Amino acid sequence: RLVCSKMNSRKHVFADVLDPFDISDGTFRLELFSGRIYPNPELLGPEFKAATDTIHRLGLDDADLRAWRIECLDYFREGEISLVHLKKSCPFVYLELIRQEGASPARKSQ
């Protein structure tokens, strides 16, 4: 599996990290104004714990990643990137934007 070296080094050999190929959309949520990632509160006990453990183990909610998610949203909102580009470069941010705001697909042509 290919992933950035930062995440590979954080994952190491720990078994408490969810495999991105095995999780479903909606496992994690995003606060669009802060970039904070957190487990979906509707998850059941073991799934919620696994999502929480993954966030902590990989540092998915660290300041750099929060800033990166906000930057992606800002680029989209300012019209610097299209919805299609957001989907390709920041798929999680894209999915959360669609889920929460129903972002207009008409923006994809910009």
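For Ile98, the accessible area of its heavy atoms, probed at 1.4 Å with every protein chain present, is near 60 square angstrom. At 1.4 Å probe size, with no ligands or nucleic acids counted, give the accessible surface of Val84 in Å², nearest ten. About 60 Å², rounded to the nearest 10. Here the stretch 10-97 has 59 percent of its accessible surface on carbon and sulfur atoms, given a 1.4 Å probe and all protein chains in place.
Shown are Phe92, Phe21, whose ranking by accessible area with a 1.4 Å probe and every protein chain present, most to least, is Phe21, Phe92. At the residue level, Glu101 shows approximately 110 square angstrom of accessible surface with a 1.4 angstrom probe and all protein chains present.
The values are calculated or read from the model by the stated rules, or taken from the named source; none is laboratory data. All of these numbers come straight from a predicted model, not from anything done at the bench. Areas reflect the complete protein model, heavy atoms only, side chains present, ligands, DNA and RNA absent. Shrake-Rupley method; radii C 1.70, N 1.55, O 1.52, S 1.80 Å.
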